[in-house]
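As structure tokens, the structure follows; a few thoughts come after it.
Bear in mind these aren't lab numbers, they're just calculated from the coordinates by the rules spelled out. Owing to the predicted nature of the structure, the values given are computational and were not obtained by experimental measurement. FYI the Cβ positions are ideal-geometry reconstructions off the backbone, even for glycines, and counts take in every protein chain you see.
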Amino acid sequence: MTLDLKTAEGHEVFLKLVARADVLVENMRAPVKHRLKIAWEDVRAINPRLVYGSISGFGQTGPYASRAGVDQIAQGMSGLMSVTGEPGRGPMRVGIAVADMTAGNLLALAIMMALYERERTGEGRWVHTSLLESQVFMLDFQAARYLATGETPRQAGNEHPTVVPTGVFPTVDGYVNIAASASHQWRRLCEILGRPDWLEREDWSTQVGRGRDRQAVHDAIAAETRKRPTAYWVEKLEPEGLPCGPIYTVDQVFADPQVQHLKIATPITDERGAVRRVVASPLNIEGAEKAIRTPAEITGRHGAEILAWLGYGEGDVTDLIGKGVI
């Protein structure tokens, strides 16, 4: 249902929905909900059990609270773009809306925590995050390195910032990801690549030493991997406990037998009767069917049905539609 909250009638419908709701989620610039009189303090008096979730660009308070935020802005301001891409090539955005997705996932977790707490207290909560907060959180060890040592992380391209060897290496028909950071993994990699002589190099015998000579180590590995196809290296390395894998294009992802086994591409029938494939949920709950019950509905399709559920008569619904409230 669509609802014009700037109208008195729309606001009234909204508050009736709030009274019967478990969760309300809003994604607006922080001041907007206050202007619309649908903020936490406005709704908790109507339904003290309500869990109210908010996502903003930069937080609910502070000097940037009123700013509009989008994914790429958050990627830039969180430092993510400064550690993504190859050295010397300038900042680079991640190829997906990672800040948007992370904020949504974290808010969903906070909502579930609040619902669980409500079982004990009987009271709802206002839970909120922002694109900026969630993306700084996702900097993970890069942020931890800076906070612990004061070292500002830089771009490392396809290489791991601290663990050598880890990176992308050329093959006859493409590229392969290889990670062989532990001592026993480095030993087996040298043997499989046919270069046991590398084990005699004292300067490459430790992670610290290989890190100092990162470029030479990776160049030496690349000179060997480029002699064989990607599949050859995966078949040789993986059984030996060496993390490795091909680098797929998106079409190759959905052709992969493991992806197909997991049924990540799920068929659904849309409102016109056509069968389409969409990405399935990555969450698996044993004993519960994992399926998408319906496709995304046409905007506003259930407006009349929802209003009837709230007690509005047919004439009331017609009047609201005529006024453009729904």
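Angle of helix 98-121 to the longest C-alpha principal axis of the chain, folded into 0 to 90 degrees and rounded to 10: 60°.
In the neighborhood of residue 291, defined by Cβ-to-Cβ distances under 14 Å, what is the net charge if each Lys or Arg adds +1 and each Asp or Glu adds -1?
Numbers: positive: 263, 277, 290, 293; negative: 289.
Overall, the nearby charge balance is +3.
Annotation for the stretch 132-218: trypsin sites (Lys or Arg not before Pro) lying in DSSP loop with at most 12 further Cβ atoms inside 10 Å of their Cβ are 154.
Contour minus end-to-end for residue 216 and residue 195, with contour as 0.36 nm per residue of separation and end-to-end as the Cα-Cα distance?
Working: separation 21, 0.36 × 21 = 7.56 nm, distance 1.42 nm.
Gain on stretching residue 216 to residue 195: 6.1 nm.
Contour minus end-to-end for residue 37 and residue 1, with contour as 0.36 nm per residue of separation and end-to-end as the Cα-Cα distance? Walk me through the numbers on the way to the answer.
Details: separation 36, 0.36 × 36 = 12.96 nm, distance 1.93 nm.
Taking residue 37 through residue 1 to full extension adds about 11.0 nm, to one decimal.
Structural size metrics of the stretch 166-247, computed from C-alpha coordinates, are Rg and Dmax of 11.7, 33 Å. Beta bridges per DSSP, both residues in the chain: antiparallel share near 60 percent. Shape of the stretch 226-326 from its Cα gyration tensor (a ≥ b ≥ c, root eigenvalues): rounded if a/c is under 1.5, otherwise prolate when a/b > b/c, or oblate? Taking the square roots of the gyration eigenvalues as a ≥ b ≥ c, the stretch 226-326 is prolate. Simple rule: put +1 on each Lys or Arg Cβ and -1 on each Asp or Glu Cβ in the stretch 10-95, find the dipole, and look at 70, 48, 84; the Cα lying farthest toward the positive end is 48. Note on residue 247 and residue 168: the model spin-label points, each 7 Å out from Cα along the C-beta direction, lie 0.3 nm apart. When you filter the trypsin sites (Lys or Arg not before Pro) in the stretch 28-134 for DSSP loop state and at most 11 other Cβ atoms inside 10 Å of their Cβ, you are left with 89. Here the label points at residue 151 and residue 268, each 7 Å from Cα along the C-beta direction, are separated by 4.5 nm in the simple model. Computed about its Cα centre, the charge dipole of the chain is approximately 400 debye, with only Lys, Arg, Asp and Glu carrying charge at their Cβ.
With the simple spin-label model, which puts each label point 7 Å out from Cα in the Cβ direction, the residue 278 to residue 73 separation comes to 2.9 nm.
The stretch between residue 238 and residue 306 holds 19.1 nm of extra length on full extension. This uses 0.36 nm per residue minus the Cα-Cα distance. Selection among 186, 259, 287 by position relative to the dipole of the chain gives 186 as farthest towards the positive end (Cβ unit charges, Cα centre).
For residue 261 and residue 28, the FRET efficiency from 1/(1 + (r/R0)^6), where r spans their Cβ atoms and R0 equals 30 Å, is about 0.15. The residues packed around residue 202, meaning those with a beta-carbon under 13 Å from its beta-carbon, carry a net charge of -1 if Lys and Arg are +1 and Asp and Glu are -1.
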